[in-house]
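Heads up, the thing below is written out as structure tokens.
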Amino acid sequence: MATQTATTGQLANAQAIVIAEALYTMEHNAPYKNLVTQFTLGSGEKQLTVPKVGQMTAAALVDGTDMTSSAAIGMATTDLTTAEVGLKVILTDKLVRQEKPEMFRVVGRQMGDAMSRKIDTDIIALFDGLSNAYGASAAKLNFRSFAACASILRTLKAPRPYACVLHPYVIYWLMRDVAKVGSYPIPNGFSEELLRDFWAITLDGIGVFDDGNISSGAGSKGAMFSKDAFAFIQSKTPNVEQERDASLRATEVVMVSDYGAFELDDTYGVEMQYTAAVPSTTST
């Protein structure tokens, strides 16, 4: 006869709640991977090599005269690899017996937030590697500077769509200058479902998104970039597994993902450094 324990069903249900909440939270709280080009490594693949070709130049011809020069492809490549990232939570039998399902949703949200924050900060770290950097420490972002960065990006022939990711305090000064609140739709090319909670405004056809994971202070560094400037590559989507530890009288819940974040084209983005000091809520 099979022996059932008081925690068997509860523990299984708890794991299901944690897993579902973690994956949902992670999907909706890691917005900036949805602003860059995404790749997936297939089974048995170690890396992905992404090519980029240069620009060719056409020349005027003279009737009856042979062309003596030929154009070069000018190809450059970027190798994309992945690395594992993960975290573990231990749920004791006693916790499972005594807590309500809401506790497991909290645990799931915490795990999802941790993984999404890691992905987010890995992409943000790429901003500082852009060669084209504008703004200055302690400078307040205004529309004139924003438009200047946009015109530079267009001059660099970066393909659309463009996105601008900034600390919320930086966006405060921009919105104060242009007097616009988020009443315009997210530009085409981006997922509204996954990005709407982080979208602030649209200016000059460019969607502006806020990110509290960007460092604050006088020299906060965000970026304006083409979707092709950066890449997010994944060989293992976030996966949650559980393992029973009988002597501990608990169950381990482990979340693991295997991914990488890379700069694809340095000329397709510009770093933007402006002040992200806490704004006053009392002065006019």
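The values are calculated or read from the model by the stated rules, or taken from the named source; none is laboratory data. All figures in this text were calculated on a predicted structure; none of them were measured in a lab. Glycine also receives a Cβ, built like all others from the backbone with ideal geometry; neighbour counts cover every protein chain displayed. These area figures cover heavy atoms from the full protein model, side chains too; ligands, DNA and RNA do not enter into them. Shrake-Rupley method; radii C 1.70, N 1.55, O 1.52, S 1.80 Å.
Worth pointing out:
- Being modelled with pLDDT under 90 and more than 15 Å from the chain's Cα centre (by Cα) is a property that holds for Gly182.
- Out of Leu194, Leu174, one residue alone is open to solvent by less than 50 Å² (accessible area, probe 1.4 Å) and either modelled with pLDDT of 90 or more or within 28 Å of Met26 (Cα to Cα) (or both). It is Leu194.
- Residue within segment 153-169 that is β-branched (Val, Ile, Thr) and either outside any helix (DSSP H, G or I) or open to solvent by 50 Å² or more (accessible area, probe 1.4 Å) (or both) present: yes
- Segment 239-284, residues that are in contact with a strand residue (DSSP E or B) (Cβ under 8 Å, 6 or more places away or on another chain) and outside any strand (DSSP E or B): Leu248, Arg249, Leu264, Asp265, Tyr268, Ala277
- Segment 87-103: number of residues that are part of a helix (DSSP H, G or I) and open to solvent by 10 Å² or more (accessible area, probe 1.4 Å): 8
- In the set Lys236, Lys221, only one residue is among the basic types (Lys, Arg), farther than 30 Å from Lys46 by Cβ and either at pLDDT below 85 or outside any loop (DSSP other than H, G, I, E, B) (or both); that residue is Lys221.
- In segment 239-284, the residue that is modelled with the lowest pLDDT out of those that are polar (S, T, N, Q) and touching a Lys or Arg at 6+ places or on another chain (Cβ under 9 Å) is Thr251.
- In this structure, Thr121 does satisfy being touching a residue at least 24 places away in the same chain (Cβ under 8 Å) and surrounded by fewer than 21 Cβ atoms within 10 Å (Cβ to Cβ).
- Residue check, Lys140 at pLDDT 90 or above, in a loop (DSSP other than H, G, I, E, B) and open to solvent by 50 Å² or more (accessible area, probe 1.4 Å): yes
- Every condition in (1) open to solvent by 50 Å² or more (accessible area, probe 1.4 Å); (2) modelled with pLDDT of 80 or more is met by Ala114 except one, and the failing one is (1).
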